[in-house]
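The structure appears below as structure tokens.
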Amino acid sequence: MRIRLNPRTSQKIAKVVIWSAAILVLFVLFSIIIYILSKGIPNITWQFLTQIPSDMGRSGGILSPIVGTLSVTLVAVIVATPLGVGTAFYLTEYTRESTITKIIRFSAESLAGIPSIVYGLFGFIFFVIYLKLGWSILSGGLTLAVMILPTIIRTSEEAIRTVPPMYREVSFSLGGTKWQTMLKVLGPSALPGISTGIILGIGRCVAETAAVILTAGSALRMPISIFSPARTMAVHFYILAREGISLERAYGTAALLIILILLINIGANLLVNKFVAKGH
Amino acid sequence: MKKFGEKIPQSLFFIMALSALSALALITVFIFVEGIPLIAKVGLFNFIFGMKWAPSLGQYGIFPMIVGTVVVTLGAIILGVPIALCCSIFLAEFAPKKLSNLVRPAIQLLAGIPSVVFGFWGLIFIVPAIRNYLGGPGLSILAGSIILAIMILPTIISISEVSLISVSPLLKEGAFALGATHWQTIRSVLVPAAKSGILASIILGIGRAVGETMAVIMVLGNAVALPSSILDPARTLTTNIGIEMGYASGEHQQALFATGIVLLVIIMILNSIAQYAIRRK
Amino acid sequence: MKIYQAMYRIALRFLFIFFLISFVFTSTLSAGCSRSSASLIIAGSTSVQPFAEVLAEAYMILHPGITIDIQGGGSAAGIMATQSGTTNIGMSSRVLAGNETSLWSVEIARDGIAIIIYPDNPIINLTLPQVRDIYSGKITDWSQIGGKKSEIHVFTREDGSGTRSSFESLVMGKTEIMARAMVQDSNGAIRQLVGDDPYAIGFISLGLVDKTVKAVELDGVIPSREHVIDDTYNLSRPFLFLTLKEPTGLAKDFIDFTLSDKGKQILYDQGLVITGVNP
């Protein structure tokens, strides 16, 4: 026998359940963020940001991990962006929609979903050992580049395809060539979308640990060239926290990471808003 | 003259596309080339269903790890999906605009937090709680599921919310016109209409859970034995690679690539299901 | 709307600065483009790593302009990296075996392995067979050896760890560590977890034992440096530096420094066992 609830009652119950779920999520979310920030921000002093770690990280600051994060991310973005955006342009403008493009798209989707540890394993065997690049910013950056490439291809392709066909037609009717159209019309229109993809890629690079720990290494020194090993902040946090080397510095590193991610997110959000406002 | 000027950018883009796609193909080929010989040597059945993972003895059975991945992910789904769905309904239908504008970026922030931070938080709060109140070492499948559930919340919430919002307002108004309550409308009209997007978000969440490594290494205990309860420690396919890849060589290394192949296949299957679900819209 | 525009500008400015800084750093880094001969990579055992770091810091003070980078990964990783040329010097916390013996090696110190438990755990002493049975799964409950009734939570290092290999050959012999043992990839992680769990047991480098854990006596012998020296506590293993061939250049210089009186004093002060150093 099925109990028939008065629709009014079921409405009330539903409301309670849904509000509880939302409050639970917010509670968990804020407890994690506030816990880390409250324990970490007090440790973010000027010395913390400008000194190199010493004594295995027990003292000193996190300058070299900061530099490590920036350099590895920069290498990844410099390599992945032209390749990714170029591929996106090629796929949308120069080829016809066919089974090949469908296969390519499916592959890009699948590769975007590969666990980062698999990229790390590949990067370790291929860049560090086989190409003899050793544990270095270059190995780490290239591994991350391959990791964010599918994401950049996907978001760029999406951005270019949603440029209204009218834009292209107007450009052509005015006598523009394909190249001029791409440069002056499509590019700027798709730019917010493309930038969003790049920013998402940056976010992923900054937060990544599994793929970086065995490609860029875990050396504490300030790197002197892109062939030097380097620690990123995420790796530094992992090592400090896991081995109990210095909890204050671990929290400080985590807090700095969260702040960085927050800023990256804000940037991405505002670009998306611009994208949405323009494209439709 | 103009035609020539056209050829240059075209070739340029072609080269870029070729390099990018070759790089991606390289990875796939590399993983397969390294991994297949081991699967051939050990036998596909023995590899996937073998109970013992002991590389020093030449034994490469990944079944305990497959069980670990499946159970931990399942747990994350059971814990995470209902809450995430409720939360997305909340954002789409119940939350006042000011609140949702605050909550949405907060959830996005959650999505970007490095997994090692989640793992550490779990090590400090979840693991001791499980050990003290439920028993076992605390490092357990349950701890992994809880952490993963939290980590996939943002994915499911944001995509489901978008799907709910993009349901045609006419459907809603029609339901109201027929006298349905708010909840009845949500349950019988909105959610079914947004079904494919919601399903896609869940599958994306599953993909993220399956692929997670660092947070799981920290809270799962990493024992090689087949787990017998959710309070037992376990290993997943990803953590197996993560722990051993630093020192694996020869056959052992090939076995890790073979594990990578299994992961690739799982992701591809998940992706195909997602594509199918979206296309059915 | 105004708020968004302001935030937009801030975000753009931030991203611009982010890229500028990254660019500046990376170009200066690329300027030192070749692997300069004034740098050394040392990789391998996580047990040896903290001591190598201290040696490296001392060495770099004496020889400014030289950089030494230390990488963990475990003894097996260090041996592999030495064989493949990925590292200049490898670190191992176990003896070499099989075809590894073709590498050049030198013992820089000895270190004990301590069996650790929760500080408030009432157990004070364990016999070697008891430790073996706990790790093989024969003994599963603390009450079987005189403690409170509770399941023993067993921690071990990963397969490639020199500490684990040494533990296996010194304690386990032919018996395997049980599959249910939980694996952690560093001494520090095991120390953290055992220090938190009243029913845990683990093994770490003797030099890393601190107030957060308790090291049990083995067959009545307190684990200490003195007892390792006079061989009454026999869970000890060598710390090795490895090179592919007879070391030359910077690697040779650093290894010579490590073996010199100054280097030995540094390692002794850090808690390791060195032959020929006066306490």
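Only the coordinates and a few stated rules stand behind these numbers; no lab work does. No experiment lies behind these values; they were computed from the predicted model shown. Reconstructed Cβ throughout: ideal geometry from the backbone, glycine too, with neighbour counts over all protein chains shown.
Under 13 Å of direct C-alpha separation, and excluding same-chain neighbours fewer than eight residues apart, B:K172 reaches these aspartates and glutamates: B:E93. Taking a point 7 Å from the Cα of B:Y276 along the Cα-to-Cβ direction, none of the residues of region B:47-88 has its backbone N closer than 16 Å to it. Any chance you could tell me what percent of the C-alpha pair distances in region B:1-104 go past 24 Å? Summing the P(r) tail past 24 Å for region B:1-104 gives 65 percent.
When a/c reaches 1.5 or more, the comparison of a/b and b/c decides; with that in mind, is region A:1-112 rounded, prolate or oblate per its Cα gyration tensor? In terms of gyration-tensor shape, oblate.
Computed from the Cβ-Cβ distance with R0 of 30 Å, the FRET efficiency linking B:F125 to C:S143 stands at 0.55. For region A:58-277, the residue among A:T162, A:G197, A:G252 whose Cα projects farthest onto the positive side of the dipole built from Cβ charges is A:G252.
Summed over qualifying helices (DSSP H, 4 residues or more, each -39500 (n - 2.57)) and divided by its residue number, chain A shows a 222 nm mean residue ellipticity of -23000 deg cm²/dmol. Considering only A:P115, A:P150, A:P65, the Gaussian network model of chain A with Cα springs below 10 Å gives its largest mean-square fluctuation to A:P115. Cα centroids of region A:150-207 and region C:43-58: 50 Å apart. Considering only A:I148, A:I213, A:I125, the mean-square fluctuation computed in a Gaussian network model of chain A, springs between alpha carbons under 10 angstrom, is largest for A:I125.
Result for chain A in a Gaussian network model with C-alpha springs under 10 Å: among A:L24, A:L131, A:L63, the largest mean-square fluctuation is at A:L24.
Projecting label points 7 angstrom from Cα along Cα→Cβ for B:F176 and A:T9 puts them 2.7 nm apart.
Is the shape of region B:63-279 best called rounded, prolate or oblate, per the rule: a/c under 1.5 gives rounded, else a/b larger than b/c gives prolate, else oblate, with a ≥ b ≥ c the square roots of the Cα gyration tensor eigenvalues? Since a/c reaches 1.5 and a/b is larger than b/c, the shape of region B:63-279 is classed as prolate. Quick one: which of A:K12/B:K195; C:K174/C:K264; A:K184/B:K97 span more than 31 angstrom between C-alpha atoms? Distance filter (> 31 Å) returns C:K174/C:K264; A:K184/B:K97.
Under a crude label model (7 Å from the Cα following the beta-carbon direction), how far is C:D231 from A:S38 in nanometres? Going from the C:D231 label point to the A:S38 one covers 5.8 nm.
By Kyte-Doolittle mean hydropathy of at least 0.5 and Cα axial length of at least 30 Å, which whole DSSP H helices of chain A are selected? Result, helices passing both filters: A:7-40, A:63-89, A:137-161, A:247-279.
Taking 0.36 nm per residue of separation and subtracting the Cα-Cα distance, what length does fully extending B:F32 through B:K195 add? Before the final figure, lay out each step's value.
Details: separation 163, 0.36 × 163 = 58.68 nm, distance 3.56 nm.
Gain in length upon complete extension: 55.1 nm.
Taken about its Cα centre, the protein assembly as shown carries a charge dipole of roughly 3740 debye when the Cβ of each Lys and Arg holds +1 and the Cβ of each Asp and Glu holds -1. Charges were assigned to the Cβ only: +1 to each Lys and Arg, -1 to each Asp and Glu. The resulting dipole of chain B about its Cα centre is roughly 760 debye. Which one of A:L37, A:S136, C:A81 has its Cα pushed farthest toward the positive end of the charge dipole of the protein assembly as shown, where Lys and Arg give +1 and Asp and Glu give -1 at the Cβ? After comparing all options, I get A:L37. Rounded, prolate or oblate for chain A? Axes are the square roots of the Cα gyration tensor eigenvalues, ordered a ≥ b ≥ c, and the cut-off for rounded is a/c under 1.5. Here chain A falls in the oblate category.
Tell me which DSSP H helices of chain B clear both cut-offs, 20 Å or more of axial length from alpha-carbon atoms and a mean Kyte-Doolittle hydropathy of at least -0.5. Mind dumping the intermediate values first?
On the way: long enough: B:2-42 (60 Å, 1.32); B:63-89 (38 Å, 2.28); B:97-112 (23 Å, 0.34); B:141-165 (35 Å, 2.24); B:195-211 (24 Å, 1.28); B:251-279 (42 Å, 1.18).
Result, helices passing both filters: B:2-42, B:63-89, B:97-112, B:141-165, B:195-211, B:251-279.
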